[in-house]
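Input: a single structure, listed below in structure tokens.
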Amino acid sequence: MNEIIKNLSDGNIYSVKEISTLVNKDVEYVERVLNDPSIIQTCGDGSGVIYYMDIKYDTIVDGIGFRNTIYCAKCNIGCKGCHNPQSWNITNGKPITIKTLSSLLLDNDNDITFSGGECTLQAKAFFKLALILRNKGRNIWLYSGRTFNELLKNDHSKMLLGAIDVLVDGKFEIDKRTTNLPFRGSSNQRIIDVQKSLKENCIVQYEL
């Protein structure tokens, strides 16, 4: 129980109230655990757990080729017309360790997509997951309601960008909804070659 609380509190964005609901403990208990230095010493850096909604295998709509997609829990953007509004609330998600999740995603030879919810709210944990997947030769796409430049302003999401290949950025805008553009829900969203963009210090569109 204490390890879960520490994992949730370090590096990702969770309120004490959210954590107390997830572990079925009162707020005072959670605050006491978070302030206990022994928890920090025994539970590492706190990024070992990801809260997720679902895993889909062999999808063809979340990037090029057959992919395994992890849909995370929690989003604070609230796009009108969102196709997955239940993912906004982290308490609708399920906890899974990075080790277990990586094994599930590596169950076949597919490449990987991180979708949401908003994965960058768990950026530290998704960064560690991405490193494992890249080490196994997997190509990684990330969907985020934040823009590329917004993600660069946060240390954890910037770190995550450094470990992925392609970013589909920008919130879903219902008045710009389209079914004609591949892998996007609205025309404002961009498909970005992340590594080239970081290297050239400007946004480089990914060539489909």
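Report, ordered by chain and residue number, the aspartates and glutamates lying within cross-link reach of K80, taken as a straight Cα distance under 15 Å and ignoring same-chain residues fewer than 8 apart.
Once the sequence-local aspartates and glutamates are set aside, what remains near K80 is E118, E173, D175.
Would you mind checking which residues have amide H under 5 Å from R190's amide H? H placed 1.01 Å from N; only 5 or more apart, or other chain.
Answer set, sorted by chain and number: D169.
K25: which lysines have alpha carbons under 17 Å from its alpha carbon, excluding same-chain residues fewer than 8 sequence positions away?
K6, K17, K94
Would you mind putting 12-20, 91-99, 65-73 in packing order, based on average other-beta-carbon counts within 10 Å, highest first?
Working: 12-20: 17.0, 91-99: 14.9, 65-73: 20.7.
Per-residue Cβ counts within 10 Å, averaged per peptide and sorted highest first, yield 65-73, 12-20, 91-99.
Taking 0.36 nm per residue of sequence separation and subtracting the Cα-Cα distance, how much length would be gained by fully extending the chain between N84 and E31, in nm to one decimal? Walk me through the numbers before you get to the answer.
Numbers: separation 53, 0.36 × 53 = 19.08 nm, distance 3.09 nm.
Roughly 16.0 nm would be gained on extension.
Relative to the compact globular guide of 2.2 N^0.38 Å, what is the alpha carbon radius of gyration of region 75-130, as a ratio? Walk me through the intermediate numbers first.
Values: Rg = 12.6 Å, N = 56, 2.2 N^0.38 = 10.2 Å.
Against the compact-globule rule of thumb, the ratio is 1.24.
Just flag the chymotrypsin sites (Phe, Trp or Tyr not before Pro) in region 120-208 sitting in loop per DSSP whose Cβ has no more than 11 other Cβ atoms within 10 Å. All intermediate terms of the calculation are to be shown ahead of the outcome.
Numbers: sites: F126, F127, W141, Y143, F148, F172, F183, Y206; in loops: F172, F183, Y206.
Here no loop site has a sparse enough neighbourhood.
Springs between alpha-carbon pairs under 10 angstrom, Gaussian network model over the chain: which of G63, G162, G170 fluctuates most?
Maximum fluctuation in the GNM of the chain, among the listed residues, is at G162.
Give me the Kirkwood hydrodynamic radius of the chain in Å, from all C-alpha pairs, to one decimal place? Each step should come with its number before you reach the end.
Values: mean 1/r = 0.0571 Å⁻¹.
Result for the chain stands at 17.5 Å.
Once fully extended, how much extra length lies between C202 and S38, figured as 0.36 nm per residue of separation less the alpha-carbon to alpha-carbon distance?
Values: separation 164, 0.36 × 164 = 59.04 nm, distance 4.34 nm.
Gain on stretching C202 to S38: 54.7 nm.
Choose one answer from T120, T59, T178: the residue with the largest mean-square fluctuation in a GNM of the chain with alpha-carbon springs under 10 Å.
Highest fluctuation of the listed residues: T178.
Every read-out reported here was derived from the displayed coordinates using simple, explicitly stated rules and does not represent laboratory data. Here the structure is a predicted model, which means the values were calculated and not measured. Heads up, the Cβs are rebuilt from the backbone with ideal geometry, glycines too, and the neighbour counts pull from every protein chain shown.
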